[in-house]
Amino acid sequence: MNNLRKITKLEYILFVILFLFSGYGLYLAKTDLNAFGIFTQEDGLVENLTSLFLFGASMVSLYRVAQFRKAKKPGLWVFTAAMLAFLFFFAAGEEISWGQRIFGIQSSEFFLEHNKQAETNLHNLIVDGTNINKLIFSQLLFVVMLVYFLFMRVLVKKVAFIRNLEWRFNVPLPRIQHIVGMLLLAGLIALINLAKQAELLEMAFAFIFFMIFLNPAEVEQPTCPLE
């Protein structure tokens with residue numbers, strides 16, 4: 001894997017914004033809980049920025065689809081980029097309940113009955129007493145993000161099988177600045193210790209994935225790639 005590439009100007013700007021927002025959130029959490037609630041409320045600035053950058057990551061992935069097809073890259077590269085475009089578009093829509101509150105759309109009977117916020121989204125569903133958000137979007141996603149940010153680069157570098165898989169599927173990997181930035185932001189946001197801290201953490205993930213998709217780490221081609 002190549003050495004750290006110089007941080008781009010856009011990354012500098014986005015990191016400054018992220019740390020300012022997170023620091024301001026910490027300040028409000030310690031001094032004015034009401035203002036912190038407004039800062040992190042549904043359809044507030046933090047949530048809308050999260051949705052915007054998730055959508056941005058989706059658009060970058062969609063651009064990669066066209067780029068890879070034009071360059072006649074492997075079909076699995078195109079598939080991975082297309083799947084990421086779909087997943088991040090879905091996440092962006094879920095974040096703002098698919099524009100329900102923006103356009104004043106009433107939830108259907110199903111969502112009124114099974115969604116803990118009575119909104120049109122999947123991540124707040126309660127199924128047989130199980131909170132989908134807690135099970136999949138919190139616990140499972142936490143494990144996936146932990147592996148992705150802390151161990152994936154090392155595994156790709158040290159384990160031939162995983163390096164081969166990475167070369168076949170071309171999953172965008174974080175550079176050092178993305179990993180360090182995410183760890184620092186997670187540590188800063190952890191100091192808030194309120195339920196709504198998750199909104200700031202989601203925003204940080206959205207910003208950083210956007211940066212990763214724009215400027216992913218480069219992986220050396222395996223000497224014996226998988227057939």
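Please treat every number below as a calculation from the coordinates, not as lab data. No experiment lies behind these values; they were computed from the predicted model shown. Cβ atoms come from the backbone with ideal geometry, glycine included; neighbour counts cover every protein chain shown.
Here the condition is being under 14 Å from residue 150 (Cβ atoms) and either out of contact with any Asp or Glu (no Cβ under 6 Å at 6 or more places or on another chain) or of a type in the set (A, V, I, L, M) (or both); of 186, 204, it holds for 186 alone. If we scan region 191-203, do we find a residue that is exposed (fewer than 14 other Cβ atoms within 10 Å of the Cβ) and in a helix (DSSP H, G or I)? Checked region 191-203: no residue is exposed (fewer than 14 other Cβ atoms within 10 Å of the Cβ) and in a helix (DSSP H, G or I). Name every residue in region 154-172 that is of a type in the set (Phe, Trp, Tyr) and either surrounded by 15 or more Cβ atoms within 10 Å (Cβ to Cβ) or assigned to a loop (DSSP other than H, G, I, E, B) (or both), in order of residue number. 167 - this is the single residue of region 154-172 that is of a type in the set (Phe, Trp, Tyr) and either surrounded by 15 or more Cβ atoms within 10 Å (Cβ to Cβ) or assigned to a loop (DSSP other than H, G, I, E, B) (or both).
For region 32-79, which residues satisfy the criterion of being of a type in the set (Val, Ile, Thr) and outside any helix (DSSP H, G or I)? Answer for region 32-79, where residues must be of a type in the set (Val, Ile, Thr) and outside any helix (DSSP H, G or I): just 40.
Among the residues in region 93-102, are any among the aromatic types (Phe, Trp, Tyr) and surrounded by 20 or more Cβ atoms within 10 Å (Cβ to Cβ)? For region 93-102, residues among the aromatic types (Phe, Trp, Tyr) and surrounded by 20 or more Cβ atoms within 10 Å (Cβ to Cβ): absent. Pairs are defined by a Cβ separation below 8 Å, a sequence spacing of at least 6 or placement on different chains, a first member in region 16-31 that is free of Cβ contacts under 8 Å to residues at least 24 places away in the same chain, and a second member that is part of a helix (DSSP H, G or I) and aromatic (Phe, Trp, Tyr); the pairs so defined are 24/39; 28/36; 28/39. State yes or no: is residue 99 assigned to a helix (DSSP H, G or I) and farther than 30 Å from residue 155 by Cα? Here the answer is yes, as residue 99 does meet what is asked.
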